[in-house]
Amino acid sequence: MKTIIQSEWLTVTEAANYLKIKPRTLLLWVRQGKMKAFALSGTKRRVWRFRQLDLDAALLESSVLPSIPPSVRPAERMGQ
């Protein structure tokens, strides 16, 4: 059963659950600039809020680039 989120603004826990990741991972992505978040002012600690549209957009714009498989040939022979 899919959970429907009623509010446009999501807490860290709600956003992490929506993305099926841990809250710590989400906060790391915020610090790295990979995810758009809004910090609430007037609090001792930073309290973050997220919009579902921003979460979806971040996932759709990031693509996984294929990695180059490691070679078993010595580097000096790669040019031959």
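Any read-out appearing in this document is the output of simple, stated calculations on the displayed coordinates, not a laboratory observation. Remember, it's a predicted structure, so these values are computed and weren't measured experimentally. So basically every Cβ, Gly included, is an ideal-geometry build from the backbone, and we count neighbours across all protein chains shown.
General observations
- 3J(HN,Hα) along the stretch 48-59, derived from phi through the Karplus expression 6.51 cos²θ - 1.76 cosθ + 1.60 where θ = phi - 60°, amounts to 9, 10, 10, 9, 4, 4, 5, 5, 5, 4, 5, 6 Hz, with x in place of Gly and Pro.
- Projected label distance in nm at Q52 and N17, using a 7 Å step from Cα toward the beta-carbon: 1.3
- Net charge of neighbours whose Cβ lies under 10 Å from the Cβ of A57, counting Lys and Arg as +1 and Asp and Glu as -1: -1
- Magnitude of the charge dipole for the stretch 11-60, about its Cα centre and with charges confined to Cβ atoms of Lys, Arg (+1) and Asp, Glu (-1), is about 300 debye.
- Modelled label positions at F38 and R24, each set 7 Å beyond Cα in the direction of Cβ, lie 2.8 nm from each other.
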